[in-house]
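The values are calculated or read from the model by the stated rules, or taken from the named source; none is laboratory data. Values in this document were obtained by computation on a predicted structure and should not be read as measured data. Every residue, glycine as well, gets a Cβ built from its backbone with ideal geometry; the counts of neighbours run over all protein chains shown. When the accessible area is computed, the model is the full protein with side chains, heavy atoms only, and any ligands, DNA or RNA have been set aside. Shrake-Rupley method; radii C 1.70, N 1.55, O 1.52, S 1.80 Å.
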Amino acid sequence: MNIRNLLGLLTLAVSLGFSACNKDLELTPESSYNTADFYQTINDFRQALFGAYGGLRSVQGFDYPMMMESLSDNVNTLQNTTNNPLARFGFTPGDDRILGVWSAYWNVINRTNNILDQIDAGEFPNEETRTIMKGETQFIRGYCYFQLGWIFGGMPLIDRVMNAEEITTVARSTQAETFAFATADLEAAAAALPESQGGDNLGRATRYAAKAILARLHLFTKNYDAARPPLEEILAYEGFTPFEQFSDCFLNTRDNGSEHVFQIQYTSGLNSQGNPLVYSLVPENLRSEQFPQGGRSTWLAVSNDLYEAYDTSDVRRDFTIQKGYTSANNVIDSLTLLFIKYAHGTVPPNNLDNDVNLSIVRITDVQLMYAEVLNEMGYTPDGEAFTLLNTVRGRAGLDSLTSSEIPNQDTFRDTLFNERRLEFACEALRWFDIVRQGPERAAAIMNAFLAREEEGGGSLTFDPKYLLMPIPDSEIRTNPALEQNPGY
């Protein structure tokens, strides 16, 4: 169900779709459960929780990654076959994709509030099960508030199911208050959740998933003292080790492995449970073994700037990006760059039914976040931060860097920023990393990119107002207490 405004999201009956949390778990079909239902048994709450996970699957599978990549310097601003206002910074508060991201996260928050309102009174076989399911719900809500907070700024803080009259009076809190709310949820989740989830629960949130998002939040706010402990705990856990090969990180046969701290789960062979992003990134007229049915009209052209940022010996480049393609009419395009990062596994009969998971956090992200924390707390020549950086580079086939090449904190910061771009291209992290550089540096990065000839030669300029997306017009019309972000 696609709800188009906050009032509707939080007051109308919301049909819950259920997602699998591992590839062997049989999915529950569409349910008639909605926000008016009274949850009583563990099965009621399990179904509702799967609905919350399913909401994450919906937004992460298309609108969110397409928006994040489009805004960044990873995507060409002029070459896309469709008019992409996000890539060209021509969007308005009426943009459908921005509304789609906003609505999807609020949809999930509504589902989690409905669970949390009732779970303490529910019938559970033991308190441990109740505690874990409550922790999962708090993790999902905390993640959603963090996402909304850094994308849009301060949010209305709604922590329970409200009626229509109440909702239309809730104003925006500050971004700091929104992050504090998310932090409380994530900390509660980390305390409640187990180290790992196996069997039929494989793929569901764990203690370390909560700690990883918590650390990411602290990095965004530059609270390095707070980010350090959760990152250290994750790295000390023996259950996480990087895969030996970079390519293994994106194969459906290696999902939920030691590389993956938290993934969004997808399953093939069932109605709307597959991963649509794989084929959404390439043109609909492309034909190849990886894409026998082509892609979609909403594809993204990768920027030359990203492609050229890779060393020619970097194994990540050609695994992540394809240069050129052959059309259904056997027309050869030798220049267009395409994201193919998720298309190396099993090719499904239906091009929207791929079952490869999407990683929210990989262990290399934790390693590079920790390297960043160490550097920001005090540059140490050839210290542990160098070891972590070089571990990631080594898997990519690159030589180690030393303090003779990275002689100070600023240089290490820049090197790490670039390494994250190469490691996580097409994983919806580049725009996040740009935004957290702050207005001055973010504008310098984006304007240098837009000055490139193939990006328009400076015909487009970056306004720092874009570091916060606009609050959708429809939301402000519904609730006039929602103040618009500056500049829109």
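Between the exposed loop cleavage positions of the chain, defined as trypsin sites (Lys or Arg not before Pro) in a non-H, G, I, E, B DSSP state with at most 12 neighbouring beta-carbon atoms within 10 angstrom, the longest gap is 223-488. For the range 105-263, taking Cα atoms only, Rg and Dmax work out to 16.8, 55 Å respectively.
With the full set of protein chains in place, find how many percent of the accessible area of the range 249-333 is carbon and sulfur; take the probe as 1.4 Å.
Ligands and nucleic acids excluded, carbon and sulfur give 43 percent.
Of all lysines in the structure, the ones whose alpha carbon falls short of 28 Å from that of K222, not counting any fewer than 8 places away in one chain, are K211, K465.
Relative contact order for the chain: 19 percent, from Cα pairs under 8 Å spaced at least 6 residues apart, divided by residue count. When the P(r) is computed for the range 348-395, the part past 16 Å accounts for 52% of the Cα-Cα pairs.
If contacts are Cα pairs under 8 angstrom and at least 6 residues apart, what is the relative contact order of the range 152-208 in percent? Dividing the mean separation by the residue count of the range 152-208 yields 28 percent.
Taking amide H as placed 1.01 Å from N in the peptide plane, I360 has its amide H under 5 Å from the amide H of F262, Q263, I264, each at least 5 places away in sequence or on another chain.
Taking the Cβ of T326 as the center, what net charge do the other residues with Cβ under 15 Å away carry, scoring Lys and Arg +1 and Asp and Glu -1? Spelling it out: positives minus negatives among the neighbours equals -1.
Over the range 254-302, the fraction of Cα-Cα pairs per 10 Å bin, rounded to whole percents and listed from the shortest bin up, is 24, 37, 34, 5. Loop-located GluC sites (Glu not before Pro) in the range 263-319 (DSSP state other than H, G, I, E, B) with a sparse environment of at most 15 neighbouring Cβ atoms within 10 Å: E289.
For the chain, with every protein chain kept in place, what is the accessible area per residue (1.4 Å probe, Å²)?
Value returned for the chain: 37 Å² of accessible area per residue.
Taking a ≥ b ≥ c as the square roots of the eigenvalues of the Cα gyration tensor, an a/c ratio of 1.5 or more together with a/b larger than b/c marks the range 172-302 as prolate. Across every pair of non-identical alpha carbons in the range 221-288, the mean reciprocal distance, once inverted, gives a Kirkwood radius of 15.4 Å.
In order along the range 204-213, the phi-based Karplus estimate (6.51 cos²θ - 1.76 cosθ + 1.60, θ = phi - 60°) of 3J(HN,Hα) comes to 7, 4, 10, 4, 6, 4, 5, 5, 5, 5 Hz; Gly and Pro are listed as x. 3J(HN,Hα) along the range 106-116, derived from phi through the Karplus expression 6.51 cos²θ - 1.76 cosθ + 1.60 where θ = phi - 60°, amounts to 5, 4, 5, 4, 4, 5, 5, 4, 5, 5, 5 Hz, with x in place of Gly and Pro.
Of the three principal axes defined by the Cα atoms of the range 419-488, the extents in descending order read 41, 29, 20 Å.
Shape call for the range 141-216 from the C-alpha gyration tensor, a ≥ b ≥ c root eigenvalues: rounded (a/c under 1.5), prolate (a/b greater than b/c) or oblate?
Verdict is prolate for the range 141-216.
Taking amide H as placed 1.01 Å from N in the peptide plane, the amide H of I321 sits under 5 Å from that of I340, each at least 5 places away or on another chain.
Ranked by the mean number of other Cβ atoms within 10 Å per residue, highest first, peptides 163-171, 113-121 order as 113-121, 163-171. Put a plus charge on the Cβ of each Lys and Arg, a minus charge on the Cβ of each Asp and Glu, and nothing anywhere else: the dipole of the chain about its Cα centre is then about 640 debye. Legend: P(r) of the range 240-350 from all alpha carbon pair distances, 5 Å bins from 0, whole percents, reading 2, 11, 19, 21, 20, 15, 8, 2, 0, 0. For the chain, report the % of Cα-Cα distances exceeding 34 Å. For the chain, the share of Cα pairs beyond 34 Å comes to 33 percent. Computed from phi, the 3J(HN,Hα) profile of the range 92-104 under the Karplus parametrisation 6.51, -1.76, 1.60 (θ = phi - 60°) reads 10, x, x, 5, 5, 6, 4, 4, x, 5, 4, 5, 5 Hz, with x in place of Gly and Pro.
Taking every alpha-carbon pair in the range 209-255 and binning the separations at 10 Å intervals from zero gives 25, 36, 32, 7 percent.
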